[in-house]
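Below: the structure, in structure tokens.
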Amino acid sequence: MIGNFLKKGARLGAATARFLAREIKERVDSNPGKEEPGQPETEYASVESSGSVGLVEATKLNEILDAAEPPLLLDCREQVEWEAGYIVGSIHIPYGELEDRIGELDPARETVVYCLHGMRSTEVARWLESKYAFTRVSILDGGIISWYADLDQTRIRVVRAEERDH
């Protein structure tokens with residue numbers, strides 16, 4: 001079901017994809033406990049949150065990235081997704097590797113987590129908050145899809161085929 005929404009969104013354009021991503025998030029939020037097929041099995045996929053994880057819009061995030069102390073951007077997408085385009089300055093730790101690489105993150109630093117449309121990043125942010133006491137964690141509302149819809153290629157870097165071998 002979710003895959004069909006995203007395929008349809010890709011055909012209709014980035015703005016529509018952003019709308020569909022929000023609709024998907026609403027459906028998932030209204031059906032707790034139902035995992036998306038193909039999603040990695042991890043202990044933090046079902047962690048409940050106190051609800052203090054914030055949302056940040058793409059345009060606002062773009063503004064605060066120029067601040068003296070910008071937030072850490074955590075991209076939790078898979079390698080192939082990351083290579084297709086990521087926000088410059090972000091750290092890439094795929095969803096399934098977080099437990100092993102948690103030491104690369106600072107619980108005291110403001111952190112914004114993003115994925116494709118916001119579902120994985122919501123789970124990751126809640127997990128960081130509840131298990132590792134991150135107190136300043138937010139998600140990019142609508143994921144990188146919303147970034148493309150609102151800001152197009154601003155701050156986006158794509159990994160070219162010739163760079164993969166280096």
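The values are calculated or read from the model by the stated rules, or taken from the named source; none is laboratory data. In this text the structure is predicted, and so the values were computed from the model without any measurement. Glycine also receives a Cβ, built like all others from the backbone with ideal geometry; neighbour counts cover every protein chain displayed.
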Next on the checklist: It is to be established whether one or more residues within region 129-136 are more than 17 Å from ILE91 (Cα to Cα), of a type in the set (Val, Ile, Thr) and modelled with pLDDT under 95.
Outcome noted: yes
Checklist outcome for this item: Filtering region 120-136 down to residues that are basic (Lys, Arg) and farther than 12 Å from PRO107 by Cβ yields ARG120, ARG126
Item to check | Failed item in (1) at pLDDT 95 or above; (2) closer than 26 Å to TYR148 by Cα, with ASP66 passing the rest | outcome: (1)
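Criterion first (closer than 25 Å to VAL159 by Cα, modelled with pLDDT under 95 and in contact with a helix residue (DSSP H, G or I) (Cβ under 8 Å, 6 or more places away or on another chain)) does TYR95 satisfy it?
Details: closer than 25 Å to VAL159 by Cα: yes; modelled with pLDDT under 95: yes; in contact with a helix residue (DSSP H, G or I) (Cβ under 8 Å, 6 or more places away or on another chain): yes.
Yes, satisfied.
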Item to check | Number of positions in region 102-123 that are in a helix (DSSP H, G or I), free of Cβ contacts under 8 Å to residues at least 40 places away in the same chain and among the hydrophobic types (A, V, I, L, M, F, W, C) | outcome: 1
Item to check | Members of region 124-164 found to be in a helix (DSSP H, G or I) and among the acidic types (Asp, Glu), listed by number | outcome: GLU129, ASP150, GLU162, GLU163
Next on the checklist: Restricting to region 136-155, count the residues that are closer than 11 Å to TYR114 by Cα and surrounded by fewer than 16 Cβ atoms within 10 Å (Cβ to Cβ).
Outcome noted: 0
